[in-house]
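The values are calculated or read from the model by the stated rules, or taken from the named source; none is laboratory data. Keep in mind the model is a prediction, meaning the values are calculated, not measured. Note: ideal-geometry Cβ built from the backbone for every residue, glycine included; neighbour counts use all protein chains shown. Just the protein is used for accessible areas: all its heavy atoms, side chains included, with ligands, DNA and RNA removed. Shrake-Rupley method; radii C 1.70, N 1.55, O 1.52, S 1.80 Å.
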Amino acid sequence: MRVSTAYLFDQNLTAMLNQQTALGKTQLQVSTGKEIINPSDDPSASVQILNLQREFSLTEQYLVNADKAENRQTIEEGTLQSATSMLQRIKELAVQGLNDTNTQADRQAIAVEINQLNEQLLALANTRDSNGDYLFSGFNSSTQPYQTINGSYQGDEGQRSMQVGAGVRIETNDPGNAIFEAPLIETSVSTTGTGTGTLQIISDTGVGDIFANTLSTTGSHFSTTAMTVSDYSGANNASFDVDGIAVSLTTNYGSIAGTVTEIQNQLDASSPGTYSVSTDASDRLVIAGAGRSSTTVISSPATTATATAAPMTLANMNFATSGVAGHFELSDDTVTNMIIALDGNDYSAGGDAAGVQMAADITATLNLAGSNTVASWQVDVTGVSGHLVFTSGEAGASATVPTLNNVGADLTTAGLTAVTTEAYQQELEITPDSGGVELF
Amino acid sequence: MSMLNIGTSALISTQGALSTTSHNISNVNTDGYNRQRVEQSTRLPNFEGGYYIGSGSTISNVERIFDDFLSDQVRTFTSQEQQFNTFSTYARQVDDLLGSPELSLNSGLQEFFDSVQEVANDPTSIAARQVMLTGAGILTNRFNTLDSQLDAFNDQVNGSLDATVKEVNLLSVGIASLNQAIIEASGGAGIPPNDLMDQRDQLINELSELVSVATKEQSNGAVNVFIGTGQSLVVGQSVIDLKIVTDPLDPGRNEIGYGPSGINISAQLTGGSIGGLLSVRQTVIEPARAEIDALAAGMVEHINAQHTTGLTLDGNAGGNFFEPAIPIPPATTLAPDAGNIRLGITDPRDIAVAYPVEVTTNITNTGTGQIEVAAIDSSDPLFDATSVLTGSLSFVYDAVNKAYSISYDGNTAGAITLPYDSATDSSNSFDLAALLPPLVNALGDSPTITITLSGVPSNVDSFTIDNSTSGGFSSVGDNRNGLALAELQVGKVLNGGKESFGDAYGILVANVATRTHQADVSQQTQKGLLEQTSLRFESVSGVNLDEEAANLIKFQQAYQAASQIITVSNTVFDSLLGAIR
């Protein structure tokens, strides 16, 4: 092919210039230490770089935040350690003060020291962070949380969070009233009786207040929702204190009104006209103090609810079906969270094991295919109302009433009644009305 | 005699060949020059009664070696290469601008949000608040700078279009006058004036660098030039001018007008610098401006919305952090964009870092239940952060029915129960304004807050939510609104909840970078094509000095031989005279 002379020169020149451009770019890359100088050099990589830069900067800021959070927490931790050791010392001094060999001067010295420790505790409660913010006054960080030792808390319950990661916030302080104050429990409860139920005070209305706010009950005689202090048969007694006035319930008072009257009478006997006992619309026991603002509500449901918190153990009882296949059926018309234990194995609703099957819904059936005898059984009837049915064979097949051994005492304890509704069945009713698991 | 004549004709022909070769050599570096070649032919022979004796040679034509097809191809590729070249020059400037660490919004956003986090860490620190204002100022400056730079690019495009149109008009005039000269020079006899044609073709080549052209040669030797979709620029000796017209909808947008009435033909024009300028404006500069404006407006909207939700260090309602705020219809105030965005507050105490409502947990609660304020809806134009609630929101838990009973501002008639089962609902959020039946105060208003319930509350556990300002504002250490502001850095709030601010900027950078990259690649492709075509064109029309040198010798020898014919004829004549003497 002919080649034009001028073009030949041009081409050589262009080639040289191209190489120079490429060299220039490479030198720029070397001198900046970057492969991508302009986003257009590699658009997708440069967007990734932007994203990574953002992530990097964000993470750096999170690290800074975490440092600050740690600083504040270190201050709080140090303060709380000091407070703990002071409390320890106060305890020691208190124990020391108990000793009868102390002289008046000794006791005074102890009192002086405890006072000083108290002052120091106050100073600790008023600790500030590096920015001058009070650490223990919640969001009111410019407000001194406690003016005096017995002063009321001036802060709020705000907790300052810091962002230490994507979606991770860490709280860097605690409100002072949660740390330096604790509610005084002024009401006590005691129970007697053979049952496993306990009645305990969960909380009090706070320092200086008289009444316990909520009584909660646990145990086989009491439900978390029903205060039950006595069983049906009256075999189990319960007593509790209201401001030191003992209330003792030793029998079945027949009705809600009867029980209310009994409690009112016992309180009036010690402190006439101070308390009024009643029930609210939900049949919850309300003990109100005359002229007092607080009310003691013993939470309890209406008569429709029932059941116990702890498992009803009938360990001595066994169940035999006279040589025919039988089954174990718990019909439950209120809740689904029942547990049946056979020979120590738990079969919860929906479980399935070794030929033992139990439906998850209203009716649960345990078929005893292999063995006809269950040595021990346990039913958790928490929140359950229904029927527990033991069946051997079916109607017409082998109509034998299954034997329930050693059940008498336990049934009494549990407040259950055995009834025979069919020739081949033993049925236990777990209904609130028939059982003694209800006070009212 | 005839021998002398033949010799003379040989000398004349060879002289012409020598001249043309010299002309070729002398124009080896002339732009647009196409090599020429002398076409010789025999003269009419003499009839000598029975036979013909040749009578020497004559120059029948001086031919211009030229391939129309290749020439058109060169112009096409020139136009396209030039279009991408111009495009990439401008796009690269935008690319540099958006990607530069000093001007990038990416680092501006990062610095600003870092400073927000610092304020959230230390809400009472005036220093941290001052840094946040400075960071926000830097960010608004970046927006303003980007906007003015993009504005400047737009002005450059306008200026270049203006200059280019003038150049087009000059070239058109040049082509038209050469057309005139060519028609006159050929004198109707069809003798091509090669060098004039070269000049004209060169002008058309130059025109093709400015805009794609099509040509049509007329029988009289003139060439008509068309641009766009057939708009004639040069018809014979007459010219139709282009001129700059402004877009009636956007005075800052120069368009190409055609003819005396200035009909806008921008949309029809492709190729060359004009094509490059128009397309870079349409696909890079204008979208970038629009996206930066949208980003600025989105930032103003979301940061203002969050900021006005909060309370300042002095317990006042947070104002607009950025100005101008999004206009609320029917108001027709100036909408925010990258050019006018500025800080709305100047006093560091006015940064609203505290939340307007606080939760109080009853100290006697025995459960682990918690209520937190997850969000506050401040979209109501009448929203006032100092009085979000008209009174206390009171919560009491009923463990039997597993529900909170909630009343608002003591209005028992409007109280509701909100089912909450800690086993399934923990950490769920509930919008109190959207409950059914509605939770209302005595005026029938619902609280515009969303709460998160968590933990296991005991029976009769109670909570209240109150305005932070109730009983005097003292929550100076509250940083919840600060955290919410900082959260906007990663929150996907733009473009229907799909992009964060950083994402949106990244997408903008990617768009510009991709277009620039594409233009670079296309330019390289077109350049390659142009080079190949030019090579082919030059191989036809270009001057090769070696070839010309060889021709020079060839014609020189012919000339010497022709001279010898004269000498011989002289000798012959002398011999004849001698014979007579």
Quick one: which residues, 5 or more positions from B:E63 or on another chain, have an amide H under 5 Å from its amide H? H modelled 1.01 Å from N in the peptide plane, none for Pro or chain starts. B:R37, B:V38, B:E39
Looking only at lysines whose Cα falls under 16 Å of B:K243's and that sit 8 or more positions away or on another chain, we get B:K166
Which value, in square angstrom to the nearest 100, describes the accessible area buried between chains B and A on both sides, using a 1.4 angstrom probe? 4800 Å²
Chymotrypsin sites (Phe, Trp or Tyr not before Pro) restricted to DSSP loop in the stretch B:96-198 with at most 12 other C-beta within 10 Å: none
Can you work out the Karplus-derived ³J(HN,Hα) for every residue in the stretch B:309-320? Use 6.51 cos²θ - 1.76 cosθ + 1.60 with θ = phi - 60°, whole Hz, and x for glycine or proline. 6, x, 10, 7, 4, 9, x, 8, 5, x, x, 6
Can you run phi through the Karplus equation (6.51, -1.76, 1.60; θ = phi - 60°) for the stretch B:378-386 and list ³J(HN,Hα) in whole Hz, with x for Gly and Pro? 10, 6, 4, x, 8, 4, 10, 5, 7
For B:N495 and B:D31 in one chain, what is 0.36 nm times their gap in residues minus the Cα-Cα distance, to one decimal in nm? 161.6 nm
Reachable lysines, given that their alpha-carbon falls under 16 Å from the alpha-carbon of A:K34 and they are not under 8 places away in the same chain: A:K25
Among all the lysines, which ones have a C-alpha under 25 Å from B:K492's C-alpha, if same-chain residues fewer than 8 places away are not counted? none
Tell me the relative contact order for chain B as a rounded percent, counting alpha carbon contacts under 8 Å between residues six or more apart. 19 percent
Heavy atoms of A:K91: accessible area, 1.4 Å probe, square angstrom to 10: 140 Å²
Can you compute 3J(HN,Hα) from phi for each residue in the stretch B:241-249, using the Karplus curve 6.51 cos²θ - 1.76 cosθ + 1.60 with θ = phi - 60°, rounded to whole Hz and x for Gly and Pro? 7, 9, 8, 7, 10, 9, 4, x, 7
Which residues' amide hydrogens lie under 5 Å from the amide hydrogen of B:R43, considering only partners 5 or more residues apart or on another chain, with H built in the peptide plane? B:S55, B:G56, B:S57, B:T58
Checking the stretch B:441-510 for trypsin sites (Lys or Arg not before Pro) in a loop per DSSP with at most 11 other beta-carbon atoms within 10 Å yields B:K498
Given an 8 Å cut-off on Cα distances and at least 6 residues of separation, report the relative contact order of the stretch B:46-177 as a percent. 17 percent
What GluC sites (Glu not before Pro) in the stretch B:61-139 are in a loop by DSSP, with at most 14 other Cβ atoms within 10 Å of the Cβ? B:E102
Please identify which residues in the stretch B:168-210 have an amide N closer than 16 Å to a label point set 7 Å out from the Cα of B:Q237, following the Cα→Cβ vector. B:173-189
Summing Lys, Arg as +1 and Asp, Glu as -1, what charge do residues with Cβ under 14 Å from the Cβ of B:S100 carry, B:S100 excluded? -1
Which shape class applies to the stretch B:107-173: rounded if a/c is under 1.5, otherwise prolate when a/b exceeds b/c and oblate if not, where a ≥ b ≥ c are the square roots of the Cα gyration tensor eigenvalues? prolate
Once you keep just the Cα pairs under 8 angstrom separated by 6 or more residues, what percentage relative contact order results for the stretch B:361-516? 27 percent
Note, A:I114: beta-carbon cut-off 13 Å, +1 each Lys/Arg, -1 each Asp/Glu, net -1
Note down the net charge around B:F87, summing +1 for each Lys or Arg and -1 for each Asp or Glu among other residues with Cβ under 15 Å from its Cβ. -2
